[in-house]
Amino acid sequence: MVKKISLALLGGGYWGSKLAYEYTQFQKEIGDDQFSFIGIADTDKNRLSEIGNLLNLPSSMLFTDVEKCLKNPEIDAIHIATPSETHYDLANQGLLENKHILLEKPMALDSRSAFKLARLAERNGRILLVGHIFRFNAALTNAKLILEKSAIGKINYLQLSWLDELNPIPNRDIIFDLLPHPIDIINYLTDEWPSSIYAQSISYTRPAEREIENMAFIILEMPDRISAQITLSWIAHGIKERSIMITGSDATMSVDALSQDIKIFNSRGKKDVTVIKNNTIKSMVTHFVECIHGKDNPRNSSLVGAMTVNVLSTARRSLDEKRGLRVLE
């Protein structure tokens, strides 16, 4: 008989509220005898109250003591959806308490911390997955299969656009906020990591005395003469875009990761690829539970998370030093 998994969610922000909804639905779908969503922990009582009202959760599922959740022996797994600067400490404590962890991106704010978490999970025999949710996106899953069949020929270059319109958030770094998914997607599609990186950015709306970039251009050199260009922006008025264009020797494939649409272009015209669209959060949550039960191998592993942070750290250095860098330099 499969052991019942009890899970708590840390973080009740925008993303946390979406996750909480999916966990309540997941419990209804697979049954109370297999999975129990214990509830949400957040230090903000008003935020907890809002989520409780939104999802019709009883007060017994709303916690303000995050540490108590981490130490609760009845909780098997923790999903961490708190601010990025808290990820390492909370995941480290959870692993020391022998919890399985699903940690939202970025895994940590430096590669040393990220690899330490990966090693701790390995030593303690715990599952540590990172919230690289686009690995569960049906369009990107199909795109990967198309590339594996060489249907567009050899990959020459990729162009990714991660654009949004957001009000400036104090101390939020566009590299560690927006770049994790594009870097992870490139690895997912190519099974390669960049060998060098050049990043350029500017702040158009932040105060000059504490300038924090709100747009950036990233150039990557990859093995096998593949190159990639990534555009990041928080100031794209009225736009939310998550797009990937892959140009091969025979054709170009365009992927809209939001609508989960794929188009292939060549000299003869355009072809729409049929994609059975999915709920990516549900797919990621299901995968986490199946990994805990040993029914699946990690698709969004801690090693992938740590390698992604290594690239992010190099991109940050490239911005600060205003030069291209080798990723492992």
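The values are calculated or read from the model by the stated rules, or taken from the named source; none is laboratory data. Keep in mind the model is a prediction, meaning the values are calculated, not measured. Here the Cβ positions follow ideal geometry from the backbone for every residue, glycine too, while neighbour counts run over all protein chains shown. Side chains are part of the model used for accessible areas, which takes the heavy atoms of the whole protein and leaves out ligands, DNA and RNA. Shrake-Rupley method; radii C 1.70, N 1.55, O 1.52, S 1.80 Å.
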Checklist outcome for this item: With Rg from the Cα atoms and Rh as the Kirkwood inverse mean 1/r over Cα pairs, segment 263-329 has an Rg/Rh of 1.19
Checklist entry - Using the Kirkwood formula over every pair of different C-alpha atoms, what hydrodynamic radius in Å results for segment 215-329? => result 17.6
Checklist entry - Label-point separation (nm) for D261 and K277, each offset 7 Å from Cα along Cα-to-Cβ? => result 1.0
Next on the checklist: Can you compute 3J(HN,Hα) from phi for each residue in segment 224-230, using the Karplus curve 6.51 cos²θ - 1.76 cosθ + 1.60 with θ = phi - 60°, rounded to whole Hz and x for Gly and Pro?
Outcome noted: 6, 6, 8, 10, 9, 10, 10
Item to check | Most positive-pole-ward Cα, I239, N278, M307, against dipole of segment 227-329 from beta carbon charges | outcome: I239
Next on the checklist: Taking the 0 to 90 degree range and rounding to the nearest ten, how far is the long axis of helix 111-124 tilted relative to the main principal axis of the chain, both from C-alpha atoms?
Outcome noted: 50
Item to check | Scattering curve values for the chain, log₁₀ I(q)/I(0), Debye with Cα scatterers, q = 0.13, 0.16 Å⁻¹ | outcome: -1.03, -1.44
Item to check | Per residue solvent-accessible surface (Å²) - the chain, probe of 1.4 Å | outcome: 48
Checklist entry - How much net charge surrounds T43 when only other residues with a Cβ under 15 Å from its Cβ are counted (Lys, Arg +1; Asp, Glu -1)? => result -4
Item to check | Calculated from backbone phi, Karplus (6.51, -1.76, 1.60) coupling profile of segment 50-55 in Hz, x at Gly/Pro | outcome: 4, 5, x, 5, 5, 9
Checklist entry - Summing +1 for each Lys or Arg and -1 for each Asp or Glu, what net charge is found among the other residues whose Cβ lies under 14 Å from the Cβ of I155? => result -2
Checklist entry - For the cross-link pairs K240/K271; K240/K282; K144/K295; K71/K116; K116/K322; K144/K277, which exceed 26 Å when the distance is taken from alpha carbon to alpha carbon? => result K116/K322
Checklist entry - What percent does the relative contact order of segment 1-111 come to when contacts are Cα pairs within less than 8 Å and at least six residues apart? => result 29
Checklist outcome for this item: So, for the Cα atoms of segment 169-231, Rg and Dmax in Å stand at 13.5, 42
Checklist entry - So how far apart, in nm, are the two label points at Q159 and T24 if each is 7 Å from Cα heading toward Cβ? => result 4.3
Checklist entry - Distance in nm between label sites at E74 and I169, each 7 Å beyond Cα in the beta-carbon direction? => result 3.3
Checklist entry - Residues with beta-carbon under 12 Å from that of N98, excluding N98: net charge, scoring Lys, Arg +1 and Asp, Glu -1? => result +2
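Using a 10 Å Cβ count of at most 13 others and DSSP loop calls, identify the longest part of the chain lacking such trypsin sites (Lys or Arg not before Pro).
Answer - 5-148.
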Checklist entry - Given only helices, namely DSSP H runs of n ≥ 4 each adding -39500 (n - 2.57), what is the per-residue ellipticity at 222 nm of the chain, to the nearest 500 deg cm²/dmol? => result -11000 deg cm²/dmol
Item to check | Length-normalised contact order of the chain in % [C-alpha pairs under 8 Å, at least 6 apart] | outcome: 19
